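The structure appears below as structure tokens.
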Amino acid sequence: MLDSPAPPVETISGPRALAVARGIGRLFARNGIWVIPEMPLRNGRRADLMGLDAKGRIVIVEIKTARGDLMGDGKWPDYLDFCDRFFWGLPPELDRACLEGEDFRPDLCGVIVADEYDAEIIRPAPSHPLAPARRKVEVERLARAAMRRHAVLTDPHCAAWALGTAD
């Protein structure tokens, strides 16, 4: 199997992160961007939210709910090779001033502020198009993960095959 099994349900940890993910999901859905949570990437990382817009461009959102977690995140550049646009997703109360600094590359990253009801794009994410071959592979992986999760949700007996534990 080319892609690793993904969890069949959301595993974003913590109620605040789930609230931010929900608000971003609503904003994106209104704009024709469909995401799934906790998408494994081929480099071993896991995107908090990953999805596609209406033009087939890949979007990744890294959710942070605490300043220490945001400041200590050195892995975020690892996501850039897997998306056309990258966003930080934050709750409204989190100070986002640090995202303007060079370490957080504002030329590469957008910012979304969200709560459990809705979200707003504070800074649009610049587009850095993936190579067509890379996009094709990633779109196929994303589609397979979404279909696998849907199959498990509609028929829990599929879970053993989705997780690779069936005989």
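Criterion first (within 14 Å of the chain's Cα centre (by Cα) and not in a helix (DSSP H, G or I)) does Val59 satisfy it?
When the stated conditions are applied, Val59 passes them.
Check segment 124-140 and report whether any residue there is in contact with a strand residue (DSSP E or B) (Cβ under 7 Å, 6 or more places away or on another chain), more than 11 Å from Ile24 (Cβ to Cβ) and part of a strand (DSSP E or B).
No - not one qualifying residue is present in segment 124-140.
To keep it simple, each residue is scored yes or no on (1) of a type outside the set (Val, Ile, Thr); (2) crowded, with 20+ Cβ neighbours inside 10 Å; (3) in contact with a helix residue (DSSP H, G or I) (Cβ under 7 Å, 6 or more places away or on another chain); (4) farther than 26 Å from Asp103 by Cα.
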{"site": "Ser13", "(1), (2), (3), (4)": "yes, no, no, no"}
{"site": "Arg30", "(1), (2), (3), (4)": "yes, no, no, yes"}
{"site": "Val35", "(1), (2), (3), (4)": "no, yes, yes, yes"}
{"site": "Leu41", "(1), (2), (3), (4)": "yes, no, yes, no"}
{"site": "Arg46", "(1), (2), (3), (4)": "yes, no, no, no"}
{"site": "Met50", "(1), (2), (3), (4)": "yes, yes, yes, no"}
{"site": "Gly56", "(1), (2), (3), (4)": "yes, no, yes, yes"}
{"site": "Gly68", "(1), (2), (3), (4)": "yes, no, no, no"}
{"site": "Gly72", "(1), (2), (3), (4)": "yes, no, no, no"}
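Return the residues of segment 7-31 that are under 17 Å from Cys83 (Cβ atoms) and modelled with pLDDT under 95; say none if nothing qualifies.
If the condition is that a residue be under 17 Å from Cys83 (Cβ atoms) and modelled with pLDDT under 95, then no residue fits.
Can you tell me which condition Trp34 does not meet? The list is (1) at pLDDT below 95; (2) closer than 16 Å to His150 by Cα; (3) within 14 Å of the chain's Cα centre (by Cα), and all the others hold.
So Trp34 meets the others, but not (1).
Pairs under 9 Å by beta carbon, first residue farther than 19 Å from Ala54 by Cβ in segment 131-143, partner among the acidic types (Asp, Glu) and part of a helix (DSSP H, G or I), six or more apart or different chains?
Listed by first residue and then by second, the contacts come to Arg134/Asp81.
I want to confirm something. Restricting to segment 62-77 and keeping residues that are in contact with a Gly (Cβ under 8 Å, 6 or more places away or on another chain) and assigned to a loop (DSSP other than H, G, I, E, B), which single residue is nearest to Glu140 (Cα to Cα)?
Lys64
Residues in segment 108-123 that are out of contact with any Lys or Arg (no Cβ under 7 Å at 6 or more places or on another chain) and either assigned to a helix (DSSP H, G or I) or charged (D, E, K, R) (or both): how many?
Summing the residues that are out of contact with any Lys or Arg (no Cβ under 7 Å at 6 or more places or on another chain) and either assigned to a helix (DSSP H, G or I) or charged (D, E, K, R) (or both) in segment 108-123 gives 3.
Out of the residues in segment 92-119 meeting the condition of being in contact with a helix residue (DSSP H, G or I) (Cβ under 7 Å, 6 or more places away or on another chain) and loosely packed, with under 12 Cβ neighbours inside 10 Å, tell me which one is nearest to Leu80 (Cα to Cα).
Asp95
From the list Phe86, Phe82, exactly one residue is touching a Leu at 6+ places or on another chain (Cβ under 8 Å), touching a residue at least 12 places away in the same chain (Cβ under 8 Å), over 18 Å from Leu27 (Cβ atoms) and of a type in the set (Phe, Trp, Tyr). Which is it?
On inspection, the qualifying residue turns out to be Phe82.
Restricting to segment 141-167, count the residues that are outside any helix (DSSP H, G or I), surrounded by fewer than 12 Cβ atoms within 10 Å (Cβ to Cβ) and either modelled with pLDDT of 90 or more or of a type outside the set (Asp, Glu) (or both).
Total satisfying the criteria: 3.
Hey, among Asp78, Asp69, Asp103, Asp118, which residue is at pLDDT 95 or above and among the acidic types (Asp, Glu)?
Asp118
The values are calculated or read from the model by the stated rules, or taken from the named source; none is laboratory data. Note that the structure is a prediction, hence the values are computed from the model and not measured. Note: ideal-geometry Cβ built from the backbone for every residue, glycine included; neighbour counts use all protein chains shown.
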